Amino acid sequence: MPGSEVIGKEEQEAVNEVFEKGGVLSRYGNDARRQNIFRVAKFEEEFAKKLNAKYAYAVSSGSGALKTVLEAFEVGPGNEVITQSHTFIATVEAIIETRATPVITDINKTLNMDPDDFESKITSRTRAVIPVHMSGVSAEIDRIVKIAKEHDLFVLEDCAQSPGGGYKGKKLGTFGDAGIFSFDFGKMITTGEGGMIVTNDEEIFKKCRSFQNHGHDFNPNVPSMAYDTAQRGGFNFKMMELQGAVGLAQLKKMDTVIEGHRKNKKKIIEGIKNIEGIELRTVPDPTGDIGDSVTFFLENEEVTNKFMEKWTSKGFGVKNLPDSLKWHFAGMWPQLFGKRYGGKSLDKEVWKKSNDIIRRAIAIPVFMKMDDDQINKIVSSVDEIVKELSTMKVEA
Ligand SMILES: Cc1ncc(COP(=O)(O)O)c(C=O)c1O
């Protein structure tokens with residue numbers, strides 16, 4: 001996945017330059033001392049350009065971005081917000097933060113939202129839907145947006161794991177009313193921690209900009225921030241200038257990293273696609289996949305666990321599935337969905353379809369800097385382990 005794979009001298013020079021040119025570490029203020037250089041603002045401008053979006057606004061994390069957009073949608077108590085069972089826990093935490101009720105759909109073999117289940121869960125209280133494009137692969141976003149618009153719902157695309165990804169020629173994050181991105185250390189672009197909101201809607205943009213800085217209107221008619229007006233409350237989710245500097249350097253590398261992923265992913269897929277006993281994840285548009293993982297399903301949970309044992313004993317890693325399922329699957333969050341906050345365990349009948357799919361999934365990380373030897377070893381090891389497991393089955 002990560003931008004951290006290519007972090008280096010460009011990012012370091014960008015940070016040094018912040019100190020050389022005034023040392024202003026915040027994104028706002030001190031105009032003369034910072035020689036009128038505003039790196040977070042420039043990062044927003046470049047990010048919006050890259051996505052072909054009208055507006056981008058940077059914040060301190062992807063989680064903060066989710067909360068900020070939900071506030072801009074005026075989601076609150078009494079509302080329901082629909083999202084999917086396979087996501088990072090932050091998506092649901094953000095809904096809970098607004099005091100709305102999270103409603104969780106099943107996933108399908110895209111490992112993203114099942115559009116039919118989404119439609120069946122809409123009620124008169126539903127205000128928004130958050131489809132998540134997990135591990136760089138798009139949800140069936142055109143169908144989801146169509147259903148949402150038929151029911152007058154806001155759409156927030158959670159693109160935390162898919163910066164630079166696309167669907168049918170259009171960038172993820174620009175299909176709905178807003179999209180959010182994460183720049184934590186495991187993501188495509190990293191600023192250590194950080195997030196971005198994109199939207200084509202001026203009202204949503206203004207509300208987000210206001211919320212992330214305590215409700216400031218950024219009113220051009222008052223002489224300074226000190227006298228700024230405010231229409232509503234907010235909080236502090238501001239991005240630091242140092243993050244803006246690093247983000248700009250990382251953004252320049254993004255296309256090359258994605259290209260590298262795609263090239264290596266293609267080779268791995270070619271090598272494993274015909275192995276009997278594995279089924280590849282459904283990718284709605286492979287041309288938009290950021291390519292940072294290869295995911296496949298095995299026969300059942302038991303075989304998957306055995307595969308994992310053998311795979312890790314050979315020194316290979318996986319990416320979230322199944323090692324970090326605990327943080328990426330709603331069926332494992334009794335603290336949120338059991339007796340609310342009471343920690344009652346959830347049984348496997350809850351999100352049954354999702355359970356059946358996700359507990360059979362193995363995600364192999366793909367890096368830009370992989371050579372053919374590494375790729376061949378991955379392919380032959382998958383083949384070897386799957387064959388070993390099927391022999392064991394016959395013997396049993
Ligand atoms: C799908 C998803 N949504 C939201 C987030 C939250 O982003 P952050 O860690 O920047 O708060 C993450 C982070 O891993 C994520 O994977």
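Any read-out appearing in this document is the output of simple, stated calculations on the displayed coordinates, not a laboratory observation. Just so it is clear, the model here is predicted, and its values are computed rather than measured. Neighbour counts run over all protein chains shown; Cβ positions are idealised from the backbone, glycine included.
What the table shows:
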quantity	calculated
Rg in Å to one decimal, and Dmax rounded to a whole Å, for segment 255-395 via C-alpha atoms	16.6, 50
Within straight-line cross-link reach of residue 353, aspartates and glutamates at Cα separation under 15 Å, skipping those fewer than 8 residues along the same chain	106, 114, 116, 117, 299, 301
Projected label distance in nm at residue 124 and residue 348, using a 7 Å step from Cα toward the beta-carbon	3.9 nm
Unsatisfied cross-links (Cα-Cα over 27 Å) in the set 187/266; 9/42; 42/319; 109/252	42/319; 109/252
Percentage relative contact order, segment 255-395, counting C-alpha pairs under 8 Å, at least six apart	36 percent
Peptides ranked, highest mean first, by Cβ atoms within 10 Å: ranges 357-363, 269-275	357-363, 269-275
Angle in degrees between helix 241-272 and the longest Cα principal axis of the chain, rounded to the nearest 10	20 degrees
Per residue Cα convex hull volume in Å³ - calculated over segment 1-86	155 Å³
FRET E, pair residue 219, residue 280, Förster distance 51 Å, beta-carbon r, rounded to 0.05	0.45
Relative intensity, log₁₀ I(q)/I(0), of the chain from a Debye sum that treats every alpha carbon as a point, q = 0.08, 0.09 Å⁻¹	-0.44, -0.55
Lysines with Cα under 16 Å of residue 171, excluding same-chain neighbours fewer than 8 positions away	49, 50, 54
Of 67/265; 170/273; 67/206, those spanning more than 22 Å from alpha-carbon to alpha-carbon	67/265; 170/273
For segment 187-329, the Rg and Dmax computed from alpha carbons only, in angstrom	22.3, 69
Label-point gap, in nm, between residue 32 and residue 371 - each point 7 angstrom along Cα→Cβ	5.7 nm
Principal-axis tilt of helix 202-211 within the chain, Cα atoms, nearest 10 degrees	80 degrees
Cα-based helix-to-principal-axis angle, 39-51 vs the chain, degrees rounded to 10	50 degrees
